[in-house]
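This report refers to the structure that appears directly beneath it.
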Amino acid sequence: MKMGSEWIDAGLLRHFEAEGTNAHRLCTIGGGWVERFGRDILISFKKTAARERLFQELYLWSATAGFRLGRIFTRFLPKKNEERETARLLSGNAEENLQTIATERHLKFGIDFGAGYAVGLFLDQRENRNYIRQAPPKRLLNCFAYTCSFAVAAASVGAKTVNVDLSKKSLARGRENFALNSLPTNDHSFIADDVLSVLPRLTRHGEKFDMIILDPPTFSRSPRGKAFQVENDFEELLLSALEVSERSARILLSTNCTSLRERALEVMARYCLKVSRRAGTFHRQPPLPDFPPGAGASTVWTTLR
Ligand SMILES: C[S@@+](CC[C@H](N)C(=O)[O-])C[C@H]1O[C@@H](n2cnc3c(N)ncnc32)[C@H](O)[C@@H]1O
């Protein structure tokens, strides 16, 4: 059995360790990928053959790279969201709790392999979290906040944040992530509600933000039954966000929808800026060294002028 060249090399592994990051991809192939969270491993796969290949190659890689493996979890990647499953333990002690703590440039994030399909941290947003830390905002609006990783990055450099997500449980994990990093939550709020109804409310209250994160799911339905479909509704979302944007605010546009790549996001944003009589410049963060081109979310920042 030979290991494919899709695995990160020992040099990149050392680079991550040196910068205080132990949550990153190890390998990406057509049928799946392997991620590391501390010592624990998550193999995501579309077909059993891909899972078997990644599992076998993982042992070869760990021996070559000198990496001590912890538990190994696997997760099926279904075509339909309704078929998403929680990760399963493939190797390791089944008596241990399913949580661990991962680090990204020394910030800590709680990982829970038993919490559902997503385990707590989206690794493809690493460079966007880094941008927040390099160019700190004063007040961040974190829409679709999930476990508040963007807010933790912002709070670590002194920002106040407002986090909005439909899921109370995810926001509770967000608060835990603040605590893990010894960040008090006094200057931060956590709103369990639909982003599309919170944004007009914030506008009515005259709230303004100098950074806004828009990282919606491809599809969701609010408890009031309203559907959000990213291809159709991203424009409306951005137009609402522009209402609460400071004059030179920065807005992150991000999606996993494969039909909305960076170029399409930028075209859409230019249209919304024109409609709102605003202007903006665009930039992308550097590509991730552990993700092949085209893998991961499409993301672009716009800075209003
Ligand atoms: C793709 S995740 C966001 C990931 C997050 N930005 C991060 O990088 O950690 C999508 C999140 O949006 C939330 N969500 C879905 N529809 C929503 C809505 N209409 N309003 C607020 N939150 C919503 C889900 O509960 C989920 O936590």
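The values are calculated or read from the model by the stated rules, or taken from the named source; none is laboratory data. Since this is a predicted model, take the numbers as computed values, not measurements. Positions of Cβ are generated from backbone atoms using ideal geometry, with glycine treated the same way; all protein chains shown enter the neighbour counts.
The rows are residues; the columns are (1) crowded, with 20+ Cβ neighbours inside 10 Å; (2) out of contact with any strand residue (DSSP E or B) (no Cβ under 8 Å at 6 or more places or on another chain); (3) assigned to a strand (DSSP E or B).
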{"residue": "ASP233", "(1), (2), (3)": "no, yes, no"}
{"residue": "GLU236", "(1), (2), (3)": "no, yes, no"}
{"residue": "ARG250", "(1), (2), (3)": "yes, no, yes"}
{"residue": "THR258", "(1), (2), (3)": "no, yes, no"}
{"residue": "ALA269", "(1), (2), (3)": "yes, no, no"}
{"residue": "CYS272", "(1), (2), (3)": "yes, yes, no"}
{"residue": "ARG277", "(1), (2), (3)": "no, yes, no"}
Give the number of residues within segment 66-85 that are under 21 Å from PHE45 (Cβ atoms) and at pLDDT 95 or above. 9
Pair list, Cβ under 6 Å, 6 or more apart: segment 201-219 residue β-branched (Val, Ile, Thr), other residue assigned to a helix (DSSP H, G or I) and within 15 Å of the ligand (Cβ to nearest atom): ILE212/ALA241; ILE213/PHE150; THR218/VAL230
Go through segment 71-97 and count every residue that is in a loop (DSSP other than H, G, I, E, B), on the phi < 0 side of the Ramachandran plot and either in contact with a helix residue (DSSP H, G or I) (Cβ under 9 Å, 6 or more places away or on another chain) or not hydroxyl-bearing (Ser, Thr, Tyr) (or both). 13
Residues in segment 220-231 that are part of a strand (DSSP E or B), surrounded by 14 or more Cβ atoms within 10 Å (Cβ to Cβ) and near the ligand (Cβ under 9 Å from one of its atoms) total 2
Looking only at segment 232-257, which residues are over 16 Å from MET268 (Cβ atoms) and either within 15 Å of the ligand (Cβ to nearest atom) or touching a helix residue (DSSP H, G or I) at 6+ places or on another chain (Cβ under 6 Å) (or both)? GLU243, VAL244
Hits in segment 82-102 - residues which are polar (S, T, N, Q) and buried (at least 18 other Cβ atoms within 10 Å of the Cβ): THR100
Out of ARG270, ARG284, ARG263, report the one residue that is of a type in the set (Lys, Arg) and closer than 21 Å to ASN142 by Cβ. ARG284
Would you check if SER149 is out of contact with any Gly (no Cβ under 6 Å at 6 or more places or on another chain), crowded, with 21+ Cβ neighbours inside 10 Å and within 22 Å of LEU238 (Cα to Cα)? yes
